[in-house]
Every structure is written in structure tokens, then in C-alpha cells.
Amino acid sequence: MSSDEPQELPQTLADLSTPAFVINRHAFAENCRAVLKQVALGGIRLRPHIKTHKTVEGAFLQVCGNETNNDNGKSTSPFDENASGFVTSTLPEIELLVDAAPKLKGPFLDILYGVGISESKLSRIHALQTKLSKIDDSGKIHVMVDHPSQVEWMEQFCRNVSKSFQFSAFLKLDTGYHRAGTTCDARGVDVAMKIIQSPHVTLFGLYSHCGHAYDVNTPEDLKDIAVTDMKLITGFMDLLRERLEPMDTDFPMEKLVVSVGSTPSAFSHDTGSVSVPNLELHPGNYTLYDRQQLWTGVCPSTNHVAGRVLSRVIGHYLDRNTVLLDAGATALTKDGAPQGGVCQITGYEDESSGIVCHKMSQEVVQIKPSTEGGTMPYDQFPLGKLVTLLPNHSCLAAACFDTYYIIDDPSCQFKSDQPIVDQWIPAKGW
Ligand SMILES: Cc1ncc(COP(=O)(O)O)c(C=O)c1O
């Protein structure tokens, strides 16, 4: 069969070869609506990250909340009024959004490449910006900067390739995660000034990622992280204003976009009381959620875990009291979760279920009783039985697959006769 011949969609989950990645669009859309509601309540905007699913369909739901809003021929925009754009983690994710932009426009015209820019990626960013500008004059691709050398690379690129070209940048600030980002003090202001004074780079916004919110799981601690984040950013903006004041520049501080958050902290940012004019949240994992987010408490229940790995029982080992499933680290990854275990079986999420997914190798996972000497319910796991697994970290598990099979399942039970209604193809590579 030639690759452009339409492939027939398998009818139900039972028709799929395992392992397979399944998304419950019902839960995905509900998760998207909850975050859209949250930003509306706070009077702020949303620039969702698409790294978790890497698809146009998922991106559309993130900024619409409802796929039935999709291009129905009406003149009104299908997009939520608070959707400002997207963040991506790879260039193919940007390519996917830019390819969708001619039809969709709106937030598809404002895209941040959310990983610190390297010199090797500048020509592709330049090409993508040129393509987007042809679709719409207002189209913008932004890069992430936290070091003066990155500004110098962009200046050099423009001198060599396109003297009239202007890169647009977010300055990445470290507000406690300590992974990337410059400090919210004079050193950070130096980098901001380097951008502001550059003939080839525009300072579009400030960006902090509250990744440290993954380490806490009480509403008080999540709030603390969100409040500290905003304090550091507003303090940084005061320092920047002070530095700019005597310089007689016309830099428009009031237009600076401030992008904050993460999935665990998405509902903890007290946006109403903060006087930052262009504030936006940028969570991404909330679309699928996972066991990590069940632990942080931001995922309201297992029903909201929209992405699961479909697997089959392939072994019974009575001598060692285990059952084997045909999905391992190449389908779920070995990322952990604070509550322990390598993943969880749908319907057996509770400790009271008496079984745990305890050991994973490349292509398989072992299930055993959760207590020493416990009974393994072999009758509930006959060979060939289909089960779905809740991943510890959905962003990493989803990235193991080339296709996602879509179901619309309000019961969130992922039963084997659940019809497959669509398939989404994620952007791969870097
Ligand atoms: C820079 C950046 N922004 C936003 C996000 C989205 O955060 P989350 O995955 O918590 O939704 C991530 C996720 O790792 C990130 O690295």
C-alpha cells in the first residue's frame, strides 16, 4: 500500500496491536476547559505548551476547549478570547503549528520555541518566521534567551544572512526551579538590556517555569511557589524600569508579556491581585495529566488522566506470583512518580486493589501483589486480556508513539469495545 493511501482506522481498542497510546478526547477537552476557565477568572491569558501531545488537534482543543468549535464556516473566531499563542519544545512542533496557521490563524500565529536557543537552530527559526509572516503580517515566532551569547549569535546571523531581520525573544528567568533562566537581579537585567539594545533582537516577554511545583503536593505549597514566582518577576521588572529610566529609551515596558506557571501550579496563581498588564499561563501537561499530577493534587481524579498506554497480558508466573504485560520502558519510559510504582492499571489505581506494577524492562512490565504473600488475582488477568496503564509522566510516554488512537469516553473506563473515533499524528524529532 502506498503511504498516501488512507489507512483504515481500527474500530475498537480491541483491534489495536499493543502497546498503543490512547487518548480519551472527552477528558482531554474537559481538562482544557478547566484551564481556560481558570485564566478567564483571573483576567489573564493562556499560552499553552503543546509538548505533551505535539498535535494540531490537541493544540486546537487547548485554545478552544471544544472541537465542535472547529471551522464551522461562521465568521466568529473559534478560539477562546484569552488564548494568546503557544509554547513548543521542538522545531517540528512549530512546523506543525505554522502548517495549520493558514486555516486557523489566531493563536497559531504566535509561537514560542520554549527551549533556550542555540546557534544551530537560527536558520530554521528564520525560515519559519519568514513562512509565518507570509501567512499573516502579525505572525511571530519567539525564541528563549537567558545568556548574552545567544543575543550575539542572533546579531551575527542577521549580519550574515538578513540585515533587516529581527528575532523576537522571551527572557527566561529562574524563580526557583534552578534548571534554566537567568537570575532576577542585576545579572538578569544585564541580559534584558543586551536584548533591548540589540539592533536585531526585540524583547517580547519574560518567562519563568515553575517546574519546582512538581515537588510539592499541598495547596499551600503550590500557592507559595506561585506567589514567590510573581514577587520575583515584579521585583525584576522594577529593577529593569530603574535601569531604563535614565537611559531615555522608548522601550515599552507596558507591552512586555509575562508568561508564568506549570501544570501543578496552574490553579494557584493569584492573578487578580497582581499588577502585571500582560500576564499569561503556559501549562501543558494538564491536557493528559498522569500519576505525577495525581500526586501533586492538580489532577482532580484518575478519570482526568486522558492519555493511557494500551497493553495485553502475555504471561502468568505462578512460581513467582507475577503477571506480565506487553508494555515496558519503550512505551512508558522509566520516569518515576513520588507515590512509587512504574505505572498503574486502569481500575486498579487504589492501594486497596492489592496489586502494583513493580518492575519494568524494555518491552514488558511485571504486576505483583502489593503486599508480601498477597494473592495475585490471575482470573482477572487472563492471557490476552487488554488493560490500559496510567503513565507516571504522560509527556514522556506519549513521545514513545507515532500515532495516538482517540476515543470519546465519558465513562473514562477505556473498555476494550470502546470505539476509536480518530487518530492524531504527533510531530516527531527536534
Ligand atoms: C519551559 C517550559 N514551559 C512550560 C512547560 C509546561 O509545564 P507543565 O509540563 O508543568 O505543564 C514546561 C514543561 O516542562 C517547560 O519546560
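The values are calculated or read from the model by the stated rules, or taken from the named source; none is laboratory data. Just so we're clear, the structure is a prediction, and the values are computed from it rather than from any experiment. Neighbour counts are summed over all protein chains in view; Cβ atoms, including those assigned to glycine, are modelled from backbone coordinates with ideal geometry. Surface areas here come from the heavy atoms of the whole protein model, side chains and all, with no ligands, DNA or RNA. Shrake-Rupley method; radii C 1.70, N 1.55, O 1.52, S 1.80 Å.
Worth pointing out:
- Cβ-based net charge around residue 10, under 14 Å, with every Lys or Arg adding one and every Asp or Glu removing one: -4
- Comparing 23, 50, 345 in a Gaussian network model of the chain, where Cα atoms under 10 Å apart are tied by springs, the biggest mean-square fluctuation is seen for 345.
- Working from Cα pairs under 8 Å separated by at least six residues, relative contact order for the stretch 78-226 is 18 percent.
- Probe 1.4 Å - accessible area at residue 135, Å² to nearest ten: 40
- Global geometry of the stretch 88-229, whether rounded, prolate or oblate, following the gyration tensor of its Cα atoms and the 1.5 cut on a/c: oblate
- Normalising the average separation of contacting C-alpha pairs (under 8 angstrom, six or more residues apart) by the number of residues puts the relative contact order of the chain at 21 percent.
- Proportion of all alpha-carbon pairs of the chain beyond 33 Å (%): 38
- Greater than 31 Å apart at Cα, pairs in 223/334; 223/415; 140/334; 223/368: 223/415; 140/334; 223/368
- Note that the chain presents 44 Å² accessible area per residue, ligands and nucleic acids not counted, probe 1.4 Å.
- Near residue 114: Cβ cut-off under 11 Å, other residues only, Lys/Arg at +1 and Asp/Glu at -1. The net charge is +2.
- Remark: accessible surface ordering of 312, 291 (largest first) is 312, 291, probe radius 1.4 Å.
- Charged neighbours of residue 426, selected by a Cβ distance under 14 Å, balance to -3 (K, R count +1; D, E count -1).
- Helix 219-244 axis, angle to the chain major axis (alpha carbon atoms, nearest 10°): 20
- For the pair residue 242 and residue 66, a Förster radius of 45 Å applied to the C-beta separation gives a FRET efficiency near 0.50, rounded to the nearest 0.05.
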